[in-house]
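Since every read-out is calculated from the coordinates, none of them should be taken as a lab result. Note that the structure is predicted; figures quoted are calculated from it, not measured. A quick note on method: Cβ atoms are made from the backbone with ideal geometry, for glycine too, and the neighbour counts reach across all protein chains shown.
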Amino acid sequence: MRLHRYFEKKIVLLLTILFTITSIASINAIQIDFSGEVFSLNSDDLLIRSHLTEVDIFDTSVIIVKETFVVQNLQAIPISSITIWVNQSIASLLVTDAEGSLSFDWIPVTNTSNKVTVYFRFSLLIDDSSTFTLGYDLFYDLNLIPSEVSYYSFEFVSTISFFALKYTMSVQLPANSFVHEETEGVIPIYPNNADDEVKQNRIILTWELSNVTELANPLFIVRFNEPLIIEEPSTFFSNNFNIFMFGTIIGFFLGISGTFWMIRYREKKTKSKLGQSLLTENQKFLIRLIYEKQGKISQKDLCEVTGFSKSKISRNLVPLEERGLIIREKWGRTYVVYLTEDGSEVIQ
């Protein structure tokens with residue numbers, strides 16, 4: 001009986017040890033993110049060679065985020081997808097690679113926790129890599145914090161789902177805004193080792209980390225002043241009086257030009273009617289004929305075209321020349337007849 005009890009104790013002890021070992025292995029295979037959601041990860045299968053997060057604070061109501069991953073398969077079994085957690089409140093999601101949109105499953109687990117499974121365009125064999133980007137709009141209330149110099153405070157916790165050799169965080173501030181100066185113990189940026197540059201009146205802060213472990217979830221803080229309102233330089237047309245005077249002058253010149261054109265038009269009509277009323281039918285006929293010959297014809301050709309004699313042609317051209325409706329020039333043994341501007345107005 002004692003021997004039996006002894007073996008029972010040994011078996012219970014052995015089972016306890018096996019259960020403990022199994023529990024430890026299970027704990028190592030299961031990770032918990034800061035939102036409390038439990039999910040399975042296996043960093044031995046996938047490696048994030050680089051992870052770039054770009055936050056564009058376009059203005060205090062529009063924040064756009066792009067996260068670009070370079071993923072490498074470390075195992076012999078082909079991998080067709082990857083599951084990434086985005087612990088932010090997001091309004092929309094788009095996944096793309098260099099060739100266009102990628103298929104994905106998006107499961108909002110909580111308001112600030114999203115499970116995103118991205119399907120690669122082609123399955124990754126061992127040591128194969130894939131680059132893709134998650135783009136989303138961020139739900140974030142940027143409230144102006146009153147101070148001697150009022151400022152906004154933006155905080156972003158990056159979600160690191162897998163070990164990353166290189167992680168880069170970039171935050172682009174709104175146009176004409178500046179990093180808040182340290183006052184009353186308020187730190188302007190965190191971590192404080194960010195690089196900064198200015199592009200088109202916008203400050204860009206960049207952090208670079210290496211060998212970031214899974215679920216490290218680094219925190220980044222940026223506090224910036226309220227964007228300045230840049231006054232447009234004063235121009236001539238920004239003054240109402242200048243606009244009124246300019247309009248008055250333009251109207252005056254347009255009025256004079258219109259009046260001159262109307263007088264000229266009426267004179268032209270009057271001259272045409274008067275000229276035609278003083279001409280004989282033969283003279284009208286000759287002027288129209290010269291006009292149809294593009295304003296130039298010889299007297300010899302007039303005789304041939306009309307069938308008039310030389311004397312009849314001369315008799316009708318003399319009064320036209322005296323009134324300035326035609327001009328005759330001597331060309332050899334004949335004359336070339338030109339229609340003047342007044343002659344053209346008469347015929348029109």
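The table for this structure:
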| read-out | value |
| --- | --- |
| Estimated FRET transfer efficiency (residue 217, residue 83; beta-carbon r; R0 22 Å; 0.05) | 0.85 |
| Relative contact order [Cα under 8 Å, 6+ residues apart], the range 30-225, whole percent | 24 |
| Efficiency of FRET from Cβ geometry, residue 292 and residue 197, R₀ 51 Å, rounded to 0.05 | 0.10 |
| Inter-probe distance in nm under a simple model that places probes 7 Å from Cα toward Cβ, at residue 334 and residue 49 | 9.1 |
| Separation of the residue 246 and residue 311 label points, Cα + 7 Å toward Cβ, nm | 7.2 |
| In nm, spacing of pseudo-spin labels at residue 106 and residue 321 (7 Å Cα→C-beta vector) | 9.2 |
| Length added when fully stretched, residue 341-residue 153, from 0.36 nm per residue minus Cα-Cα | 59.7 nm |
| Calculated FRET value between residue 66 and residue 184, using beta carbons and R₀ = 41 Å, to 0.05 | 0.75 |
| Sequence-separation-based contact order of the range 41-112, relative, with Cα cut under 8 Å and 6+ spacing, percent | 25 |
| Pairwise centroid distance, computed over Cα atoms, of the range 151-188 with the range 294-348, Å | 91 |
| Percent RCO, i.e. relative contact order, over the range 278-348, from Cα pairs under 8 Å lying at least 6 residues apart | 37 |
